[in-house]
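Below: the structure, in structure tokens.
The values are calculated or read from the model by the stated rules, or taken from the named source; none is laboratory data. What you see is a predicted model; the values in this text were computed from it and never measured. So basically every Cβ, Gly included, is an ideal-geometry build from the backbone, and we count neighbours across all protein chains shown. When the accessible area is computed, the model is the full protein with side chains, heavy atoms only, and any ligands, DNA or RNA have been set aside. Shrake-Rupley method; radii C 1.70, N 1.55, O 1.52, S 1.80 Å.
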Amino acid sequence: AGWATLLALPALAVASDLGREVFTEKATPPCAICHTLAAADATGAVGPSLDDLKPSIEQVLAAVRTGIGVMPRYTGILTEEQIQAVAGFVFESTRGR
């Protein structure tokens, strides 16, 4: 199991990089405009602070796919890979804060 974990680390780093890129620039509009997330150096004040909210992956996936409140849905704007990556990035970034 130890080797499998070590081999998966580069893939996790790539997914995290993609998630950060989606959060800060690929999404239209970018998540960082509205949300605060320290890991992305984002200080948006329109939506909730994700550092404080600490959403689950399922919550992020639902919000990104269908929209919530004034937040638009990103289905059709982002690929499923991008949606999964940003959800993982937000989830991992808010653990332990």
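Specify whether the C-alpha gyration tensor of the stretch 15-83 places it in the rounded, prolate or oblate class, a ≥ b ≥ c being the square roots of the eigenvalues: rounded for a/c under 1.5, otherwise prolate if a/b is larger than b/c and oblate if not. Kindly include the intermediate steps, with their values, before the conclusion.
Numbers: a/c = 1.36, a/b = 1.15, b/c = 1.18.
Rounded, because the longest to shortest axis ratio a/c is under 1.5.
Just to confirm the filter: which chymotrypsin sites (Phe, Trp or Tyr not before Pro) across the stretch 36-97 are DSSP coil and have at most 13 other Cβ within 10 angstrom of their Cβ? When the chymotrypsin sites (Phe, Trp or Tyr not before Pro) of the stretch 36-97 are filtered for loop state and at most 13 Cβ neighbours within 10 Å, nothing remains. Here's the picture: a label point sits 7 Å out from the Cα of CYS34 along the beta-carbon direction, and within the stretch 51-95 the residues with their amide nitrogen under 11 Å of it are 63-74.
For THR66, the accessible area of its heavy atoms, probed at 1.4 Å with every protein chain present, is near 100 square angstrom.
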